[in-house]
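Here's the structure we're looking at; comments come further down.
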Amino acid sequence: MEKTEWDQRYKTSELIWTAQPNRFVVEHLAELTPGRALDLGTGEGRNAVWLAERGWRTTGVDFSTTGLEKAGRLAGERGVAVEWVTADLREYSPEPGAHDLVLIAYMHLPPDDLAKMLRRAVTAVAPGGRLMIVGHDVTNLDEGVGGPRDPRVLYTPESIAGCLEPLTISRAGRVRRPVATDAGTREAIDTLVIASRDTPLP
Ligand SMILES: C[S@@+](CC[C@H](N)C(=O)[O-])C[C@H]1O[C@@H](n2cnc3c(N)ncnc32)[C@H](O)[C@@H]1O
């Protein structure tokens, strides 16, 4: 989807997603010592605001100005400061080696664009820092609920992990997430990959 479509989607006064952080973000990042964090494709800011509340100096990047306005309101309500950057992630280059955490949640792009974005995300991770990527898995199409319907933009653990050299992969697999639907609670299937920079920057 392009910027205008996301702006249109975010136009409603309610949150499209929720004010709560993603469950895997909480599960895997709550114990980390805060430093500098970068949330690529931050949307309405639920994960960036949660990180800021935990003491991270957080930057949230998205091309939807409407999404970022809502993110700014959420941060204001929670009394935290987040740096919001309006940028297209097909072009955006974060500061290399400067982030103790880079988060990418449910950010789906065609394969070439995704690979380029992931390369820049890898470069942005500081020595000792971590990269976490969570998004809709390709098996979600037939076995799960929600998410994009175009298989080209869906993840597999292998396709994501394969783009993260020279980081060390500590986890690459599928995880399930309950989703409330009109037909009751169903499950969505996500790819979750966590990696860290264990060696110095080249
Ligand atoms: C499904 S939402 C996820 C939002 C957030 N990460 C979360 O988990 O709540 C995907 C976000 O990616 C953003 N996005 C999509 N393509 C983008 C691009 N090329 N550049 C910047 N942001 C983009 C959209 O505006 C949207 O906010």
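Quick note: the coordinates plus some simple rules give every number you see, no bench work behind them. These numbers were taken from a predicted model, which means no experiment stands behind them. Cβ placement follows ideal geometry from the backbone for every residue including glycine, while neighbour counts extend to all protein chains displayed.
Based on Cα contacts under 8 Å between residues 6+ apart, the chain shows a relative contact order of 17 percent.
Each residue of the range 19-26 is assigned a 3J(HN,Hα), and the resulting list reads 7, 8, x, 4, 4, 6, 4, 4 Hz, derived from the Karplus form 6.51 cos²θ - 1.76 cosθ + 1.60 (θ = phi - 60°), x at Gly and Pro. For the range 1-100, the residue among F63, T33, G97 whose Cα projects farthest onto the positive side of the dipole built from Cβ charges is T33. Among 116-122, 149-155, 46-52, the peptide with the highest mean count of other Cβ atoms within 10 Å heads the list, and the full ranking is 46-52, 116-122, 149-155. Over all other residues within a Cβ to Cβ distance under 11 Å of T191, the charged ones net out to -1, with Lys and Arg as +1 and Asp and Glu as -1.
Classify the range 48-195 from the C-alpha gyration tensor, please: rounded if a/c falls under 1.5, else prolate or oblate depending on whether a/b exceeds b/c.
Values: a/c = 1.64, a/b = 1.16, b/c = 1.42.
It comes out oblate by the Cα gyration axes.
Quote the relative contact order of the range 73-154 in percent (integer), defining contacts as alpha-carbon pairs under 8 Å separated by 6+ residues.
Numbers: 86 pairs, mean separation 25.1, N = 82.
Relative CO of the range 73-154 lands at 31 percent.
Using the Cβ-Cβ distance between S13 and I169 with R0 set to 45 Å, the FRET efficiency from 1/(1 + (r/R0)^6) comes to roughly 0.65. Going by neighbour counts of Cβ atoms within 10 Å, the residues S170, S13 line up, fewest first, as S13, S170. Other residues lying with their Cβ under 12 Å from the Cβ of G135 contribute a combined charge of 0, Lys and Arg counting +1, Asp and Glu -1.
Within the straight-line cut-off of under 27 Å between alpha carbons, the lysines reachable from K11 are K3, K70, sequence neighbours fewer than 8 places apart in one chain being disregarded. Taking 19 Å as the cut-off, the amide N atoms of the range 79-120 that come nearer than this to a point 7 Å along the Cα-to-beta-carbon line of V179 belong to 104-110.
Within the chain, the selection of entire DSSP H helices by a Cα span of 15 Å or greater along the long axis and an average Kyte-Doolittle value of at least -0.5 returns 111-124.
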